[in-house]
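Notes for the one structure printed next.
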Amino acid sequence: MLIINHFFSSLNLTKKLISAFLVVALVPITIIIIVAINTASNSMTEQVYSRLDAVSKVKQSAVKRYFNNIEKKLNALQANPEMANIATKFIDGFNDTSPSTSSESLNRFYKESFAPKFKQLNPTDTVSSSLLKQMNPKSIELQSRYLANNPNPIGEKQKLTTTEQSDSYEQAHRQYHPYLRDMTNIISSTIFSLSTQQMAILFTLFIKR
């Protein structure tokens, strides 16, 4: 501070006046610059939030339209009189299926093929070890037939249309699986299921996208 006072006192009157005018001029200029930067920053922030909000609303609308479209297609599919006949065929076939006497191949499929793939796609989740215990013998038989013994890799199991079996479920599968697979593609869905009112799964079609 003493150095500044000494420097200022050593100046002549003209230089002192010029210095004083510069100080007086710089203060409001500095204030104006700070206010301008602050205003510009607030304006940019508002613009960014406004754009983010607009993008969010557009995506929200797109997702809503997508699901509305899927709902309409599913309603149209459900209204198809043939679906009742298809469901009946699968129900009869399920009821006529001979219960499995062994779950070895299905258990191996879940442990060696399904579980590692599931863990890869869902790192925080695990496949329950009691999954097979919750299935009835008929479900084990059908899953063994169309999943465990299906030569296609996971994500392409839907490519299997026929097996060496000849029971009524297999006949329904041969006849209607291609149609249901095509319909699932048409409605742009990933999974399609048929189930009874007791929530017994009769038919499931998964298409990897």
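Observations on the model:
- FRET efficiency for Lys57 and Thr161, using Cβ-Cβ distance with R0 set to 45 Å, rounded to 0.05: 0.55
- Size descriptor for the stretch 109-153, Kirkwood hydrodynamic radius: 11.5 Å (Cα pairs only, one decimal).
- Ranking of Ile29, Ile91 by count of other Cβ atoms within 10 Å, fewest first: Ile29, Ile91
- The modelled label-to-label distance between Ile154 and Lys133, using points 7 Å beyond Cα along the C-beta direction, is 2.2 nm.
- Our estimate of slack between Met83 and Thr30, defined as 0.36 nm per intervening residue step minus the Cα-Cα distance, is 11.4 nm.
No lab work stands behind these numbers, since they all come straight from the coordinates. It should be emphasised that the depicted structure is a prediction, and the values quoted were computed from it without experimental measurement. Please note: Cβ atoms are built from the backbone with ideal geometry, for glycine as well, and neighbour counts cover all protein chains shown.
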